1. How about the range 163-191: which of its residues are touching a Gly at 6+ places or on another chain (Cβ under 8 Å) and more than 14 Å from residue 437 (Cα to Cα)?
2. Kindly evaluate residue 133 against the criterion of being within 27 Å of residue 194 (Cα to Cα) and assigned to a helix (DSSP H, G or I).
3. For the structure I just gave you, tell me whether residue 119 is more than 23 Å from residue 47 (Cα to Cα) and either of a type in the set (Phe, Trp, Tyr) or not in a helix (DSSP H, G or I) (or both).
4. Which residues, counting only those in the range 403-418, are part of a helix (DSSP H, G or I) and either in contact with a Leu (Cβ under 8 Å, 6 or more places away or on another chain) or among the charged types (D, E, K, R) (or both)?
5. Residues of the range 314-330 being surrounded by 18 or more Cβ atoms within 10 Å (Cβ to Cβ) and in a helix (DSSP H, G or I), which ones?
6. For the range 419-463, name all the residues that are assigned to a loop (DSSP other than H, G, I, E, B), among the aliphatic types (A, V, I, L, M) and open to solvent by less than 20 Å² (accessible area, probe 1.4 Å).
7. Please specify each residue of the range 122-147 satisfying the condition of being open to solvent by less than 10 Å² (accessible area, probe 1.4 Å) and not charged (D, E, K, R).
Amino acid sequence: MSANEMWGGRFAAGPSAIMQEINASIDVDRRFAAQDIRGSKAHSDMLAAQGIISDGDRDAIHGGLERIAREIEDGHFDFKAELEDIHMNVEARLKELIGEPAGRLHTARSRNDQVVTDFRLWLRGAIDELEPAMADLQRALIDKAEAHADVLMPGYTHLQTAQPVTFGHHLMAYVEMVGRDRGRVRDCRARLNECPLGAAALAGTSFPIDRHRTAEALGFDRPTENSMDSVAARDFALEFLAAASIHAVHLSRLAEEIVIWMSEPFGFVALTDAFTTGSSIMPQKKNPDAAELVRAKPGRVLGAFMTLATVMKGLPMTYGKDMQEDKEPVFEAADTLALAVAAMTGMVDDMTPRPENMRRALEKGFPTATDLADWCVRVLGLPFRDAHHVTGAIVRAAEERGCDLAALDLPTMQRVEPRITEDIYSVLSPDASAASRTSHGGTAPEQVRAAAHRARDRFLRAAPGEARGTASRKGDEA
């Protein structure tokens with residue numbers, strides 16, 4: 001069957017070679033094969049149930065589609081560029097297999113509602129694979145945080161030493177980020193789970209179809225409400241790309257920290273050979289290449305969002321061929337993110353902290369200066385701004401003597417503030433500083449362990465459909 005036969009009698013001649021090349025999408029949308037066949041089976045079932053086609057035609061269609069599915073799975077299906085897309089390729093092969101009944105399959109539908117149904121089905125499945133992988137990353141982070149809830153390290157602002165924190169507390173920050181990321185992809189899944197099939201080209205159909213039946217058969221929550229919106233909207237794909245972009249940025253931030261932590265000036269963590277590479281010329285090198293690649297991956301995901309947003313910007317209702325460009329960026333973003341999540345989970349599991357180097361880093365930068373100021377407020381009753389000024393003068397004195405605050409003698413401190421007593425030394429060690437941060441969400445080891453316990457309940461032990469992205473999956477096993 002030629003392309004112009006598929007289009008109908010309006011076209012007397014086939015497309016030019018250039019037109020055929022730019023018009024074809026089969027190299028991209030062949031990934032929709034399983035979804036396209038599943039949608040066609042649901043559609044033909046509905047047509048037969050409504051008396052629009054005969055049961056015999058439906059059975060022939062189903063038999064042909066099942067054979068095509070086996071051919072595709074076995075790698076024996078001949079995808080043809082001249083047939084443009086997955087829909088025409090499947091329909092043409094169906095006609096070869098079963099003859100006339102194949103021509104009845106397209107009753108009461110269009111490629112416009114067909115492709116967006118396939119797209120929603122595919123993206124729903126991609127989210128259902130991605131979201132549990134994100135949960136596994138949280139599991140890795142929580143496990144590591146619990147195991148190292150007492151390990152002290154510098155906390156930074158502006159990448160300058162700020163206050164002592166625990167390694168576990170630092171990792172738990174990413175647990176929260178990933179938790180919100182999972183919420184965004186679940187929200188996206190919930191909103192995309194409406195069935196466009198039956199919207200036809202843009203105006204619906206005059207045939208007495210049952211769109212609710214088709215939606216239920218395909219595991220959707222409901223049919224879409226407006227036929228024009230059904231075929232024109234790609235905000236479900238944009239929403240996925242936006243959520244994916246945010247998650248990719250979070251992964252990139254953690255990847256950057258791993259790169260920094262593995263660098264020689266820091267030496268805070270070690271990765272095994274499983275996630276590092278060597279140098280072709282410098283035998284001493286152990287490069288965090290997996291982290292560096294995860295750090296780079298957001299460029300692809302953010303680019304995918306911008307690509308699709310640019311395609312959709314300014315498009316009039318309803319369908320334009322521009323929208324053929326919608327799938328490739330989503331496919332690339334989903335593939336890229338899945339790999340980045342897997343790599344990051346592996347690195348977190350593999351990562352070993354080096355507490356001695358973290359502790360050594362706490363000897364620089366006066367990380368307990370805030371504790372000194374807080375003591376002046378709590379014990380001496382100074383307004384915090386005055387305490388801040390006093391602390392700054394004491395830090396300057398320690399800098400001049402080349403020592404940390406805990407090693408500075410009491411008379412020097414008392415020259416700045418005479419009321420300071422020996423008790424000041426009880427708050428100037430990194431251990432005391434971290435242990436004192438017992439407010440909810442604080443870095444004290446007891447708070448880290450409590451936060452890890454809560455996170456397991458919130459993110460990993462939730463009821464099915466709440467944390468694992470399984471909501472509204474009815475019919476996905478069909």
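The values are calculated or read from the model by the stated rules, or taken from the named source; none is laboratory data. Just so you know, these numbers come straight off a predicted model, no measurement behind them. Note: ideal-geometry Cβ built from the backbone for every residue, glycine included; neighbour counts use all protein chains shown. Ligands, DNA and RNA are excluded from the accessible area calculation, which covers all protein heavy atoms including side chains. Shrake-Rupley method; radii C 1.70, N 1.55, O 1.52, S 1.80 Å.
1. 182, 185, 186, 189
2. Considered against the rule, which asks whether it is within 27 Å of residue 194 (Cα to Cα) and assigned to a helix (DSSP H, G or I), residue 133 comes out as yes.
3. On the way: more than 23 Å from residue 47 (Cα to Cα): no; either of a type in the set (Phe, Trp, Tyr) or not in a helix (DSSP H, G or I) (or both): yes.
No.
4. Listed by number, the residues that qualify are 405, 406, 415.
5. Here is the first cut: in the range 314-330, the ones surrounded by 18 or more Cβ atoms within 10 Å (Cβ to Cβ) are 318-319, 323-324, 326-327, 329-330.
Answer for the range 314-330, where residues must be surrounded by 18 or more Cβ atoms within 10 Å (Cβ to Cβ) and in a helix (DSSP H, G or I): 323, 324, 326, 327, 329, 330.
6. 420, 428, 444 - these are the residues of the range 419-463 that are assigned to a loop (DSSP other than H, G, I, E, B), among the aliphatic types (A, V, I, L, M) and open to solvent by less than 20 Å² (accessible area, probe 1.4 Å).
7. Applying the first criterion (open to solvent by less than 10 Å² (accessible area, probe 1.4 Å)) to the range 122-147 yields 123-124, 127, 131, 134-135, 137-138, 140-142, 145.
Residues satisfying the conditions are 123, 127, 134, 135, 137, 138, 140, 141, 142, 145.
The rows are residues; the columns are (1) in contact with a Leu (Cβ under 6 Å, 6 or more places away or on another chain); (2) under 19 Å from residue 352 (Cα atoms).
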{"site": "263", "(1), (2)": "no, yes"}
{"site": "270", "(1), (2)": "no, yes"}
{"site": "276", "(1), (2)": "no, yes"}
{"site": "300", "(1), (2)": "no, no"}
{"site": "304", "(1), (2)": "yes, no"}
{"site": "324", "(1), (2)": "no, no"}
{"site": "335", "(1), (2)": "no, no"}
